[in-house]
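Student: Got a structure for you, written out below as structure tokens; questions coming shortly.
The values are calculated or read from the model by the stated rules, or taken from the named source; none is laboratory data. All of these numbers come straight from a predicted model, not from anything done at the bench. Quick reminder, even Gly has a Cβ in these numbers, built from the backbone with ideal geometry, and neighbours come from all protein chains shown. Heads up: the accessible areas ignore ligands, DNA and RNA and are worked out on the full protein's heavy atoms, side chains in. Shrake-Rupley method; radii C 1.70, N 1.55, O 1.52, S 1.80 Å.
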Amino acid sequence: MGKARNLMVSTDAIDADDLPDIVDVVMEMGRPDEGPSLPPSVPDPRQTSLPTHLEKLADRARDYVEAASSANTRRAYAADWKHFCAWCRRQSFDPSRPDPQTVGLYITAQASGSERDKKSVSTIERRLSSLTWNYAQRGQPLDRKDRHIATVLAGIRNKHASPPRQKEAVLRDDLVAMLETLDRGTLRGLRDRAMLLLGFAGGLRRSEIVALDVGRDQTEDGRGWIEILDKGMLVSLRGKTGWREVEVGRGSSDATCPVVAVQTWLKLARIAHGPLFRRVTGQGKAVGADRLNDQEVARLVKRTALAAGVRSDLSEGERAKLFAGHSLRAGLASSAEVDERYVQKQLGHASAEMTRRYQRRRDRFRVNLTKASGL
């Protein structure tokens, strides 16, 4: 790590805001190579005119860059990059070059802070992935296999890694109690009922719930749509693993049927086109045009679970940490008493092992190898 001193620059080192935006880098494609120097020497493409026949391609390139990852991922990557640049500035390091020694020192600092500032292994791994992605977009790949990174990260994992903390599963009775906390006489209450029931029955991620449109190809930011049929609802969506179809059957009663809940919401909210779940405005009497943020789903699950007294054996502070959007997916996996492969398909998992992580109530000792071996 001693060579890291060679990277020291003046206290006026490049700030995170001085480095080009990833989209701007893509805008630079096709322009003459001006050498390895980075900003402020790199001209701002927004201030430099492109040939007319390339302007549309540049705009399309920006669209494709944004489509390459979700909005949440881009926000996280941007925040991590800014955090890294700020750390480099405080240490008088230059962040514009992907130096493994500097990155090794950075992740060491993340793991070695005070109890309040120390980051978890998952956070450190995410920040390292963010740096790798950012440098790659700048045409300067970071070598994660370099010993200054790989060896340090292995030591961090061995010393600080802990079992993953799973969110509490919302089971069938829990969900029914949560629905009772919502006002069926308001548009907001009807919307929230539809989101909870659809998210549970479809085993959907919170981002998948809010990204749905009423029909196919209705919005640019939509990532799926619904089709209501006689026996249920077909949900086509583009998730983490690509496009997939999810069949949501009708419930045994209208009170807990996700299809009826969605139909009621669409009818009374007078929505026939565009985003399926939207903001309710005007003291709950009007429906806006804007799509809900996925954080709203997490807040809804947490709020209704607390109001319904789910896991009342714990303190309110402990209960607040247990519930989030993933509680709905885990709830379906834990409540549906069917062959495991059907649950796996519904959740869109590539392996049965991933599905089992969601099944909080499964019989882990159904297959007893101890007895099978004769003991």
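Student: Step by step: first the residues of the range 291-312, then only those that are part of a loop (DSSP other than H, G, I, E, B) and of a type outside the set (A, V, I, L, M, F, W, C), then the one that is surrounded by the most Cβ atoms within 10 Å (Cβ to Cβ). Which residue is that?
Tutor: Restricting to residues being part of a loop (DSSP other than H, G, I, E, B) and of a type outside the set (A, V, I, L, M, F, W, C), the top hit is Asp294.
Student: Among the residues of the range 130-142, are any touching a strand residue (DSSP E or B) at 6+ places or on another chain (Cβ under 9 Å) and touching a residue at least 40 places away in the same chain (Cβ under 8 Å)?
Tutor: no
Student: So, in the range 106-133, how many residues would count as being polar (S, T, N, Q) and under 18 Å from the mean Cα position of the chain (by Cα)?
Tutor: Residues meeting the conditions: 5.
Student: Moving to a separate point now. Within the range 273-290, take every residue that is at pLDDT below 90 and at positive phi and give me the one that is least open to solvent (accessible area, probe 1.4 Å).
Tutor: Going through the qualifying residues, I end up with Gly284.
Student: Still on this structure, please answer the following. Output the residues belonging to the range 77-126 that are open to solvent by less than 30 Å² (accessible area, probe 1.4 Å) and of a type in the set (A, V, I, L, M).
Tutor: Matches in the range 77-126: Ala86, Val103, Ile107, Ala111, Val121, Ile124.
Student: Those residues that are in a strand (DSSP E or B), open to solvent by 90 Å² or more (accessible area, probe 1.4 Å) and closer than 18 Å to Leu179 by Cβ, I need them from the range 238-272; list them, please.
Tutor: Residues satisfying the conditions do not exist here.
Student: Which members of the range 115-145 meet the condition of being under 14 Å from Pro100 (Cα atoms), among the basic types (Lys, Arg) and in contact with a Leu (Cβ under 9 Å, 6 or more places away or on another chain)?
Tutor: Result: Arg144, single match.
Student: So, in the range 48-61, of the ones that are open to solvent by less than 100 Å² (accessible area, probe 1.4 Å), modelled with pLDDT of 75 or more and not hydrophobic (A, V, I, L, M, F, W, C), which residue ends up nearest to the chain's Cα centre (by Cα)?
Tutor: Asp59
Student: Now a separate question. So which helices (runs of 4 or more DSSP H) are wholly in the range 147-207 and hold at least 2 residues that are closer than 30 Å to Ser112 by Cβ, at pLDDT below 95 and out of contact with any Ser or Thr (no Cβ under 9 Å at 6 or more places or on another chain)?
Tutor: 147-160
Student: So for the range 233-249 (the condition being β-branched (Val, Ile, Thr) and more than 27 Å from the chain's Cα centre (by Cα)), does at least one residue qualify?
Tutor: no
Student: Report, by residue number, each residue of the range 95-117 that is among the basic types (Lys, Arg) and either closer than 21 Å to Arg75 by Cβ or in contact (Cβ under 8 Å) with a residue 12 or more places away in the chain (or both).
Tutor: Answer for the range 95-117, where residues must be among the basic types (Lys, Arg) and either closer than 21 Å to Arg75 by Cβ or in contact (Cβ under 8 Å) with a residue 12 or more places away in the chain (or both): just Arg97.
Student: Report, by residue number, each residue of the range 134-144 that is more than 22 Å from the chain's Cα centre (by Cα) and under 17 Å from Leu105 (Cβ atoms).
Tutor: Matches in the range 134-144: Leu142, Asp143, Arg144.
Student: Is it the case, given these coordinates, that Val260 is aliphatic (A, V, I, L, M) and more than 17 Å from Leu187 (Cβ to Cβ)?
Tutor: So Val260 does not fit the description; no.
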